[in-house]
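Right, one structure below, let's go through it.
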2 protein chains.
Amino acid sequence: MNEPSLTPAVVIGAGLVGASVGAALTTAGVEVHLIDSVSSHARVAASRGGGSTEPIDPATVRLVVVAVPPAKLAEVVADALATYGKATVTDVGSVKGTVLADLRARGVNLARYVGSHPMAGSQRVGPLTARADLFADRTWVITPHDTSRAKAVLTVHALARACGARIVSMGATHHDEAVAQVSHLPQLMSSLTAARLNDVPDEHLNLAGQGLRDVTRIAASDPRLWTQIISANSEAVRAELEAVRDSLDELLAGWGDPEALRRFLADGRQGTRAIPGKHGAGGVAYAEVVVTIPDAPGALARLFADIEAAGVNVEDVRIEHDPAREVGYLAVQVTKPVAKSLQAAMTEAGWTLRPAESL
Amino acid sequence: MNEPSLTPAVVIGAGLVGASVGAALTTAGVEVHLIDSVSSHARVAASRGGGSTEPIDPATVRLVVVAVPPAKLAEVVADALATYGKATVTDVGSVKGTVLADLRARGVNLARYVGSHPMAGSQRVGPLTARADLFADRTWVITPHDTSRAKAVLTVHALARACGARIVSMGATHHDEAVAQVSHLPQLMSSLTAARLNDVPDEHLNLAGQGLRDVTRIAASDPRLWTQIISANSEAVRAELEAVRDSLDELLAGWGDPEALRRFLADGRQGTRAIPGKHGAGGVAYAEVVVTIPDAPGALARLFADIEAAGVNVEDVRIEHDPAREVGYLAVQVTKPVAKSLQAAMTEAGWTLRPAESL
């Protein structure tokens, strides 16, 4: 079968994601028409290579991408299916089941609708931050339903491919369960941990280490954006939260029993090993080599030059700051077998090392 | 008042922390005698500059540092107070209240005992990993009690200073509350989040992003070590866990109300701002510039050289890996005002940029 044609395409909603889809399709040679309820957004996106703001004959349109806020998705998709009578229509919302249920409740024929979720997009939401390569090598989940026409599914695949994304195909319910588990629940757990800090005296916070910072980092995200995302996935997230509450109740019920606590902690460690690692490889054991960064111009560059001269493959790096001193540390993660040789090489090159992570 | 003399000193327990104290004191010119129930540990520590394994007249000892596992601390401290009749005795356990209560229950005179907690020490627990600079610039909490003699308190201060640490003084109860809040609770929250992943299908885990990895990183720690630490701080940690359960119950009770969810998320964001930032400064807003790391030798070093040539102050860096491709990204955190100029400089130098963090 030939690759379905995407041209001409219409993008409705010229925020970061919509404008970036427009730019990616334009780069791929597709004729793109941009529409936004705030017309200046469409003009800004057009001026940055996202397409044109000229009107187009709706009957000729092959693809419509709906990139409006979560609460408006179903309404705009339904309108687009009616307006663009031959086009495949997709949306880029980060939750899929609610849109589909809402469309079904409207009695709309959904043969030409296929939902999708490009997993990219920072918290910068305007068209000024749009870019053609936003989706390059990112996951783009495509969620066909039982009444999707095959041609529509193939068209959305072609869209994701034109944007340079890596395609994952799953049903809307599976998708929403997956993001509830790997994204929405961790977001709430981070917030739950961070919220406790509002009651912690400053002198106690001075004992905070890197662990607390890691666990609470994503809690600093925009509350309004996450309220919309989680509200749209309410049932799946509630199920996850209830499972966590059950685990927490069980932990508290067995409190004081060291063996119950050890099992709980061992379950947690086991869970971390389920996360796909670098390049899809499973859990590899890493070691950290921590180097003091001298407070001198070019120190980091010289440090990296020496690390690379040591010939080791760096898996990850992290800068730690000492809160009381004008000094930082570079924590370099390497596979265990090479940690010793890196330590030796760093010491020989005159750097100051020390063990990582305090308890 | 003169600096109290620390020499000769005895270190009981030649694991990482004890052997490192021995090495730091030896470097500072103190005569150190090492004791370990496993005599080979003491010999290894001695061979690495941690002190001597020769016997010493107990009546001459000025300082005893007890660095044995949590469950044995009180017993060994009590023995040391009896054996070394003129010495100040401290321990280095990461929980303070239980040791103190246990010592009081034994009816021991505690005038010469002052607890302490050097906040350093990785999970590598043997004397082979010991080093004289383990405590350099780390926090060392000293926990005097109401019957501590002033000279004993000053002696433990001198110990921490000799090891190069930054001293924080607080009561044992405050210390234990503080570590329950900023260390033990986050550890359990990370485990709670990670444990859920054991029930998540692999195809869902493929959608995992950096946020999940951050929240669950410390859950990969050693369950046995953390069972001991948390068991010794059982009451303070239970209080924290119960507060979290209350918040979780409240969140679930208001589930479906977007305004309640938004307030919950806003509380979390507020909490992240309570954590002291770099160099003790409060919450500064950072932006991230994400650069593709080419798969070529020396790429990271050249990248850092170009970042430093751009003249910006790097606050933090993180390497992200794409699970499906042999490519990585360097996420560079800078203050918001300089993000744009860094982006421009990187683009001009030929690097490929893109926005960070997918939702």
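Worth a mention:
- Test: residue B:185 is surrounded by 24 or more Cβ atoms within 10 Å (Cβ to Cβ) and in a loop (DSSP other than H, G, I, E, B): no
- Of all residues in the stretch B:269-279 being within 7 Å of another protein chain (Cβ to nearest Cβ) and out of contact with any Pro (no Cβ under 8 Å at 6 or more places or on another chain), the one that is modelled with the lowest pLDDT: B:275
- In the stretch A:163-177, the residue that is farthest from the other protein chains (Cβ to nearest Cβ) out of those that are part of a helix (DSSP H, G or I) and surrounded by fewer than 24 Cβ atoms within 10 Å (Cβ to Cβ) is A:172.
- Residue B:143 among the hydroxyl-bearing types (Ser, Thr, Tyr) and in contact (Cβ under 8 Å) with a residue 60 or more places away in the chain: no
- Among the helices (runs of 4 or more DSSP H) confined to the stretch B:27-146, there are none with at least 1 residues that are closer than 16 Å to residue B:16 by Cα and in the same structural domain as residue B:233 (by TED's automatic domain parsing).
- Exactly one residue out of A:32, A:17, A:44, A:38 is buried (at least 23 other Cβ atoms within 10 Å of the Cβ) and farther than 30 Å from residue A:235 by Cα, and it is A:32.
- The set of residues from the stretch A:61-104 being surrounded by fewer than 24 Cβ atoms within 10 Å (Cβ to Cβ) and of a type in the set (Asp, Glu) comprises A:75, A:79, A:102.
- Only one of the numbered conditions (1) within 29 Å of residue B:225 (Cβ to Cβ); (2) surrounded by fewer than 22 Cβ atoms within 10 Å (Cβ to Cβ); (3) at pLDDT 90 or above; (4) among the polar types (S, T, N, Q) is violated by residue B:7, and that is (1).
The values are calculated or read from the model by the stated rules, or taken from the named source; none is laboratory data. Predicted model only: the values in this text are computed from it and were never measured. Cβ atoms come from the backbone with ideal geometry, glycine included; neighbour counts cover every protein chain shown.
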